[in-house]
Amino acid sequence: MDILRRNNVTVTGREDAPVVMLAHGFGCDQNMWRLVVPALVGEFRVVRFDYVGSGRSDLSAWDAERYASLDGYARDVVEICDELDLRDVVFVGHSVSAMIGVLAAEVAPSRFSSLVMVGPSPCYIDDEGYRGGFGADDIDELLESLESNYLGWSAAMAPVIMGNPERPELGAELTTAFCATDPDVARVFARATFLTDSREDLKKVSVPTLVLECAQDVIAPREVGAYVHAAIPGSRLVTLDATGHCPQLSAPEATSAEILAFARTLR
């Protein structure tokens, strides 16, 4: 299979430059990074892609069993790196992709030099001594609503996830991205996203890591950012002066500036 076509891989910037790989979150695609890319391409080779089942990927390659766990998405990442023979990649993962990056770096450590986690959450469900932001009943209700009426769920939830109600165009963009995803694919990806507990995986991270959180985020509250930071030795936590779960759209200048500053320290 043509991996680059399967995942709709896009490469921009100088071929001899260090590599930054941008990975989108649930219900999105690589277009979500378009406002960040211009700040990066002057110094880095920027690799973007769509997970199988998302964006303009090859939907015929989607397999419910493979993508029922985050391991399947991590395999996508590693296979892209293998196909392009990428080394020392700065992996930037948004939302669930932050945990996918952790898994990919564990599977293929020679491919990755560092991680940037944008709005990460290793576990969305509250637990004893841990606040994920949702009760188990909340997640069950969320998944039931998504599975019974995905388009209605998307229209209702996307603006909440995006935040910034004074900028309705942002919520509308996320709604459009959600609605463009095949409902069957979305159901499987949603379960892999919201039911996975990756807290133990954080302890295995051994590369330099930047944790980027927003000052207000209903999906990944600041307690989660603090937890991720504490769980990864030597990581750096930065709180963006931004609202919502998608700072690459709502605060692209601040987001790209932090990614750039971090990536430059690794050169």
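The values are calculated or read from the model by the stated rules, or taken from the named source; none is laboratory data. Note that the coordinates shown come from a computational prediction; the quantities given were computed from them, not determined experimentally. Note that we place each Cβ from the backbone using ideal geometry, even for glycine, and neighbour counts take in every protein chain shown. For the accessible areas, the whole protein counts, side chains as well, though only heavy atoms, and no ligand, DNA or RNA atoms are used. Shrake-Rupley method; radii C 1.70, N 1.55, O 1.52, S 1.80 Å.
Table: residues versus (1) basic (K, R); (2) modelled with pLDDT of 95 or more; (3) within 22 Å of N31 (Cβ to Cβ); (4) within 18 Å of the chain's Cα centre (by Cα).
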| position | (1), (2), (3), (4) |
| --- | --- |
| Y124 | no, yes, no, yes |
| A136 | no, yes, no, no |
| M162 | no, yes, yes, yes |
| V207 | no, yes, no, yes |
| D217 | no, yes, yes, yes |
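Scanning segment 164-171 turns up no residue that is open to solvent by 20 Å² or more (accessible area, probe 1.4 Å) and aliphatic (A, V, I, L, M).
Apart from one condition, G129 fits all of (1) under 17 Å from the mean Cα position of the chain (by Cα); (2) modelled with pLDDT under 95; the exception is (1).
Counting the residues of segment 166-203 that are under 25 Å from A251 (Cβ atoms) and basic (K, R) gives 1.
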